């Protein structure tokens with residue numbers, strides 16, 4: 001009787017079975033590697049696509065986002081059309097307050113007042129400039145009188161020449177932006193806020209006021225919509241505009257003979273720069289009176305009287 005089992009596979013069959021099993025394992029491993037590679041490739045493509053979307057969104061947002069510009073602008077300046085309330089002028093003393101300043105018009109016997117053109121006064125102001133403070137304190141009262149009389153047109157141009165002089169807080173830039181916020185959202189109180197910024201001016205190389213403190217000053221000045229103005233100042237809505245306006249003024253001031261902003265304050269009367277004593281209101285008044293007379297006589301020369309034909 002044989003001991004061999006009739007159904008036992010032969011050595012050849014066993015080798016074939018092992019070979020088939022090995023091929024099956026290799027095929028499974030190949031499929032697994034393929035799946036892993038495909039997953040990695042898809043992940044990389046997805047990552048690149050995500051990065052592309054983010055970059056595209058960022059660029060399109062930066063390009064598509066409009067740069068905010070203040071309202072009520074004229075050559076990067078804010079016109080003051082009327083001034084309500086009394087204007088304090090600390091440091092001038094009683095003598096300065098007691099001396100009335102003449103309205104800048106030629107002599108009454110020389111001309112009809114209705115024919116006198118208003119004198120154009122433009123003030124380029126950095127709210128950290130001691131000179132700007134000195135000029136404002138000396139001339140605020142007579143400027144108020146002239147504006148209310150309609151004798152002059154007054155515009156302030158906030159700039160940021162001293163941005164690096166506030167311990168890194170960029171106070172000069174932020175204060176000019178705050179002034180633009182007030183001029184946009186509460187133009188009637190711009191002159192008051194402008195005067196407050198200069199009267200309460202912080203020292204050069206100090207931190208200056210925070211945005212919250214600037215907003216508090218604006219509210220104390222009586223702005224019409226304190227919440228909107230505060231939000232505008234907090235957000236720095238017009239910071240970019242201030243930078244660009246400063247660069248434009250440095251490059252060249254409209255309406256002048258190639259004048260460029262070199263420092264503040266720069267005070268222009270009918271396009272001519274005032275170079276007198278900043279703290280002397282009488283000298284500035286005389287400069288304005290002279291400019292008013294020159295403008296009047298120039299108008300008379302350019303507008304000759306009509307010729308009357310002789311009667312035949």
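How would you rank 177-184, 158-165, 225-232, highest first, on the average number of other Cβ atoms within 10 Å across their residues? Don't jump to the answer; show the numbers that get you there.
Working: 177-184: 27.0, 158-165: 22.4, 225-232: 16.9.
For the peptides 177-184, 158-165, 225-232, the packing ranking is 177-184, 158-165, 225-232.
Suppose the chain between residue 240 and residue 148 were pulled fully straight at 0.36 nm per residue; how much longer would it get relative to their current alpha carbon spacing?
Gain on extension, residue 240 to residue 148, equals 29.9 nm.
Please report how far the C-alpha centroid of segment 215-258 lies from that of segment 120-187, rounded to the nearest whole angstrom.
Measuring centre to centre over Cα atoms gives 10 Å.
Using R₀ = 35 Å, calculate the FRET efficiency as 1/(1 + (r/R₀)^6) where r is the Cβ-Cβ separation of residue 69 and residue 290; round to 0.05.
E(calc), rounded to 0.05, equals 0.50.
Taking 7 Å along the Cα-to-C-beta vector as the label spot, tell me the residue 250-residue 231 distance in nanometres, rounded to one decimal.
Result: 3.3 nm between the two label points.
A short reminder: the numbers here are calculations on the coordinates, not readings from a lab. Bear in mind that the values here come from a model prediction, so they are computed numbers and not experimental data. Ideal geometry is used to build each Cβ from the backbone, glycine not excepted, and the neighbour counts take in all protein chains shown.
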